[in-house]
Amino acid sequence: MEEKFLKGRQEREEQRQQRSQDGVEITAQRQQYEAEADQLETAVTQLLKENNVTESQKRIDALRTLVQDTSNTVSLTAHDMAKANAILARLQQLVDAAKSAETGPKKFKFSSRLKAKTSSSPSTCSPTTSAESRNAAATTARAEITNVTASHADGRGSSTAGFGNSYGPSAGTDLFIASSKGVFINRCTDCSIFCLPIAGSVFLSGCANCRVYVACHQLRLKDCRDTDIFVWCASTPIVETCSNTRFGPYCCWEGLLRSTASDGATYATHAEWVRCVGEIADTAHTEQNYTNVDDFQWVRKTASPHWRVMTDKEESRSNVVFGPATPPNKMV
């Protein structure tokens, strides 16, 4: 009996030591993760100050991989995940804005035959952008970086100040959003939203049960639910704290081909609308970007439960023709 008792006590002591050792190992792994994450975050900030956008993006990708790998091997708390996702979202916004400032509006070259056509020709884009316009676009993008940084510094989150035209809140109506350099859509419910191509960024916040047709350079959704997005995006769309979001192609808006741009021009294909009005030059490689979405609340290798691509049967085609344009909110 005594021998059995001593053996049991020894086994319990060995188990306690093993748990203690495992705890020390996990603590060391967490400390290593936090140190590497801090280094990567600092590196991105410094590289952006040096205007090294390419290297900044590589550091963000490395940070995203680090968070994903750590979550698979070490049990990160909900606070740890929320903190990591917030950092990734903030850094990606800064890099995307820096990319816009670096490239500016796209240039288009025209043959002598195209130049001979009138400006009202359906297949002709606007003239090549001037140096003044490129400088103005770069200044706007740099201002966007400043606004994003300031909003996160004081805890306010996303800010519309200096961003672009703001729409919403609205409920149970159709919104027709004209072309611009940036759009913020806020707290819309049960709405159909038709956006002519946007030569910049589009943010949707707090929207529910909406159907949105949008072409833009950057797209971000936050706190949206039960919403269908038909998008043509130059970069990877981003969702954050969203649920039941479905993505489909912008070409489902068939009524766009019978619509008129603000300058009176019309275009025969969605690609021409996106290239000429949205200033997205590489239409061949961007049309399918709706199938690849970044979810900042889901860094695992498995598919996110918060969004998915529509099936062919789910794609809701619309013959609605654009207009009249919904006036944006007055900025305070």
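The values are calculated or read from the model by the stated rules, or taken from the named source; none is laboratory data. Since the model is a prediction, treat every value here as computed from it, not as a measurement. Glycine gets a Cβ as well: all are built from the backbone with ideal geometry, and neighbour counts include every protein chain shown. The area values use the complete protein model at the heavy-atom level, side chains included, leaving out ligands, DNA and RNA. Shrake-Rupley method; radii C 1.70, N 1.55, O 1.52, S 1.80 Å.
The figures follow:
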quantity: Top-ranked residue of the stretch 163-216 - restricted to ones that are of a type in the set (Val, Ile, Thr) and in a strand (DSSP E or B), ranked as surrounded by the fewest Cβ atoms within 10 Å (Cβ to Cβ); calculated: 189
quantity: Test: residue in the stretch 225-238 that is open to solvent by 30 Å² or more (accessible area, probe 1.4 Å), under 25 Å from residue 319 (Cβ atoms) and either of a type in the set (Val, Ile, Thr) or outside any loop (DSSP other than H, G, I, E, B) (or both); calculated: yes
quantity: Every pair of residues 6+ apart whose Cβ atoms lie under 8 Å, when the first sits in the stretch 29-55 and is free of Cβ contacts under 8 Å to residues at least 24 places away in the same chain and assigned by the TED database to the domain that holds residue 86 while the second is open to solvent by 40 Å² or more (accessible area, probe 1.4 Å) and in a helix (DSSP H, G or I); calculated: 43/59; 47/55; 47/59
quantity: Among residues of the stretch 296-324, those that are part of a strand (DSSP E or B) and out of contact with any helix residue (DSSP H, G or I) (no Cβ under 8 Å at 6 or more places or on another chain), counted; calculated: 2
quantity: Matching residues, the stretch 266-282, being touching a residue at least 24 places away in the same chain (Cβ under 8 Å), open to solvent by 40 Å² or more (accessible area, probe 1.4 Å) and of a type in the set (Ser, Thr, Tyr); calculated: 266
quantity: In the stretch 239-261, residue nearest to the chain's Cα centre (by Cα) [restricted to those that are open to solvent by less than 10 Å² (accessible area, probe 1.4 Å) and among the β-branched types (Val, Ile, Thr)]; calculated: 239
